[in-house]
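What follows draws every value from the coordinates through simple rules; no lab data is involved. Source: prediction; values computed, not measured. Glycine gets a Cβ as well: all are built from the backbone with ideal geometry, and neighbour counts include every protein chain shown.
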């Protein structure tokens with residue numbers, strides 16, 4: 001009986017060792033992640049209905065300086081109801097630096113209905129595009145902006 005146990009254990013060990021040696025190695029090949037793929041995915045996020053996803057995608061498009069996103073970001077700056085969405089769009093447009101987007105931010109700094117959006121658009125323009133263009137923002141800052149409050 002003892003030898004039967006020993007033979008069983010040895011057989012199990014041999015099988016455990018033999019199976020990985022015989023099995024094929026399958027290597028998963030993933031496509032190379034390129035900037036174009038990243039920007040395409042962020043553009044899809046910009047078209048989402050989820051506010052958080054939309055704002056995060058807008059911010060990252062500004063970080064990537066994706067000129068392809070200028071028109072959708074201008075539309076976001078012009079037509080979004082949420083102040084936070086318009087602010088993120090303005091920041092991204094200034095970071096991208098494309099003339100059409102920068103002009104839209106300059107116009108929002110003058111004519112947006114929200115004082116908070118106007119002030120931050122002017123500050124972004126002053127910081128990223130043309131320092132000294134909106135001196136009133138740099139010299140006399142408005143009350144601190146409270147994020148998350150209305």
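Quick one: Cα convex hull volume of the range 35-139, Å³ per residue? Provide the component values of the computation, followed by the final result.
Values: hull volume 8.5 nm³, N = 105.
For the range 35-139, the hull spanned by Cα atoms encloses 81 Å³ per residue.
Fewest to most neighbouring Cβ within 10 Å: what's the order for 43, 28, 74, 60? Intermediate results must be reported in sequence, preceding the final value.
Working: 43 15, 28 4, 74 21, 60 18.
Ranking 43, 28, 74, 60 by Cβ neighbours within 10 Å, fewest first, gives 28, 43, 60, 74.
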- Item | For 68, 118, order by how many other beta-carbon atoms lie within 10 Å, fewest first | 68, 118
- Message: Taking 8 Å as the Cα distance limit and 6 or more residues as the minimum spacing, I'd like the relative contact order of the range 1-118 as a percentage.
- Response: 18
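In percent, what relative contact order does the range 44-102 have, based on Cα pairs under 8 Å that are 6 or more apart in sequence?
Values: 74 pairs, mean separation 21.8, N = 59.
This gives 37 percent for the range 44-102.
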- Item | Ranking of 78, 7, 95 by count of other Cβ atoms within 10 Å, fewest first | 7, 78, 95
